[in-house]
Amino acid sequence: MVSYFGAACRAWLPVSQLLSIVMLAASPLSPVHAQAALPEQQAAVTTASPDAIKQREQELEAAREQQRKATELQEKLKAEIAAIGQDRSKLNQQLIDIAGQVRSVETRIADAEARLQPLDGRERDIRASLDSRRAEIIEVLAALQRAGRRTPPALLVRPEDALQSLRTAMLLGAVVPELRGRAEKLATDLGELVALRKTISTERDALARDRDKLKEDQTRLTALVDERQRQQAAAEKDMEAEGTRAIALSKQVDDLQGLIAKMEQDLKSAAKAAATANLQGAPATVNGKPNLEAFKNPARMSPAVAFASAKGLFSYPVNGTKIRDFGGSDGAGGVQKGISLATKAGAQVTSPCDGWVVYAGPFRSYGQLLILNAGGGYHVLIAGMEHISVNIGQFVLTGEPVATMGSTSQVASILATNASQPVLYVEFRKDGTPIDPGPWWAANEGEKVRG
């Protein structure tokens, strides 16, 4: 039987062409891979000057379109910033909204990548299975061709064509009984491959759209952050000198408690922020519960709710996976005093709470360190970012963008294990003592406050 159909196969269609069905079924979606698999076609395209010229023209037009969109976005951003003017509440609300959008798109991208991973794995498995059964596919297709006594349909273009041919032949009873089971198995595998490819294509299209949107949102956020800092600099003309002095003072202490005390005592802007935090007192509650409506006021200059009363309300400052928890081993024989979150490169960092910036800069093994005085004796420490976008003395709101992550871990391994990916370290302190931040994190998305 095998030799018979092998002979039929060779008589009606070259083996190399039949094998190309398997190669096409096993080929990735990327046109780059398809070109790599067919060098003779690639050479043909290269030598065909009209096609090459047309391709270059298309690439040039695409580049011009991207440039046009970038110019339009810049003009739109200028108009938005001009409309905001000196209205601090509008600027804050824009910052919080865009930062929230950035983190939402980051989440969608991470979810899409997680969905694509098993799909890609299943596609590889099916392609490997089909590749290992090349001889069987040749035999079945040869039988179909002989039974039809005609040139087969365009089977060599896509896996969908082979699938359609198999289904048609089985419906017409054109497959001999002993081959029907094998044809059905091939049809099932090809059908799954076709469905997988459609799903993967849809997912990749959505992923590409989200990545484009993320770039646009990040550009808008950068412009708004720059405007915020410009306005802040105008109000605090000696801000740069304060930042330089803060770094100098940080080199005079060895631990975080000493750093906080030094900043809030010796640095003018940090001392002013700390004094303001101590004078504010606890915000009023409604029926003994935090007044969540206060979070909707983007013009506020003091915490919406008392830090001690905000348990169960805060979201993590960055999208990521917790790799170390409070109280666990720090990997060096000690105990973890905060939590460590593994993140994506370039991830957006937002403030988990309202508070005054009392330190922003490098410190010891913490890399870039941000310290917020949240009032009531509470401090929030965030470390491991590549770039901090707020200055000492600023009051920041819950959900306001304060930093961005780098492409690798910026903190010492004692805080972040030996992770090669970016890691954010978060620590809560009460009267100088590290405390478990667990009770403050919201249990689910619906309970979080974002300002």
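The values are calculated or read from the model by the stated rules, or taken from the named source; none is laboratory data. Here the structure is a predicted model, which is why all the values come from computation and not from measurement. When we count neighbours, we look across all protein chains shown, and the Cβ atoms used for this are built from the backbone with ideal geometry, even at glycine. Note: areas computed on protein heavy atoms with side chains; ligands, DNA, RNA excluded. Shrake-Rupley method; radii C 1.70, N 1.55, O 1.52, S 1.80 Å.
Some notes on this structure:
- Computed from the C-beta positions of Asp255 and Ala442, the FRET efficiency with R₀ = 25 Å rounds to 0.25.
- Taking θ as phi - 60° and the Karplus parameters 6.51, -1.76 and 1.60, the scalar couplings of the stretch 122-135 work out to 5, 4, 4, 5, 5, 4, 5, 5, 5, 5, 6, 10, 4, 4 Hz in sequence order, x denoting glycine and proline.
- Virtual spin-label span in nm between Arg364 and Thr107, 7 Å along Cα→Cβ: 3.4
- Cross-link partners of Lys54 among lysines (Cα-Cα below 28 Å; sequence separation of 8 or more within a chain): Lys69
- Residue-span extension gain [Glu192 to Gln232] - 0.36 nm each, minus C-alpha spacing: 8.6 nm
- For Asn291, residues with placed amide H under 5 Å, excluding near neighbours: Val286
- Cα gyration tensor category, rounded, prolate or oblate, for the stretch 206-365 with a/c compared to 1.5: rounded
- Amide H contacts of Thr398: Asp354, each under 5 Å away and 5 or more positions distant or on a separate chain (H built 1.01 Å from N in the peptide plane; Pro and chain starts excluded).
- A simple rule links phi to the HN-Hα coupling: the Karplus curve 6.51 cos²θ - 1.76 cosθ + 1.60 with θ = phi - 60°, which for the stretch 384-391 gives x, 6, 8, 9, 9, 10, 10, 10 Hz, with x for Gly and Pro.
- Among 383-390, 271-278, 322-329, the order from most to least packed when residues are scored by Cβ within 10 Å on average: 383-390, 271-278, 322-329
- Site pair Glu293 and Ile247 shows an inter-label distance of 4.6 nm when each label is modelled 7 Å from Cα along Cα→Cβ.
- Within the assembled protein chains, the solvent-accessible surface assigned to Lys198 is about 130 Å², based on a 1.4 Å probe.
- The shape of the stretch 305-374 comes out rounded: with a ≥ b ≥ c from the C-alpha gyration tensor, a/c is under 1.5.
- Listed peptides 370-379, 49-58, 340-349 by packing density, highest first (mean Cβ within 10 Å): 370-379, 340-349, 49-58
- With R₀ set to 41 Å, the beta-carbon distance separating Thr408 from Lys90 gives a calculated FRET efficiency near 0.70.
- Net charge of Cβ neighbours under 11 Å - reference Asp125; Lys, Arg +1; Asp, Glu -1: -2
- Backbone N under 12 Å from the Lys69 label point (7 Å along Cα→Cβ), restricted to the stretch 196-215: 208-215
- Of all lysines in the structure, those lying under 25 Å Cα to Cα from Lys251, and not within fewer than 8 positions of it along the same chain, are Lys237, Lys262, Lys268, Lys272, Lys337, Lys430.
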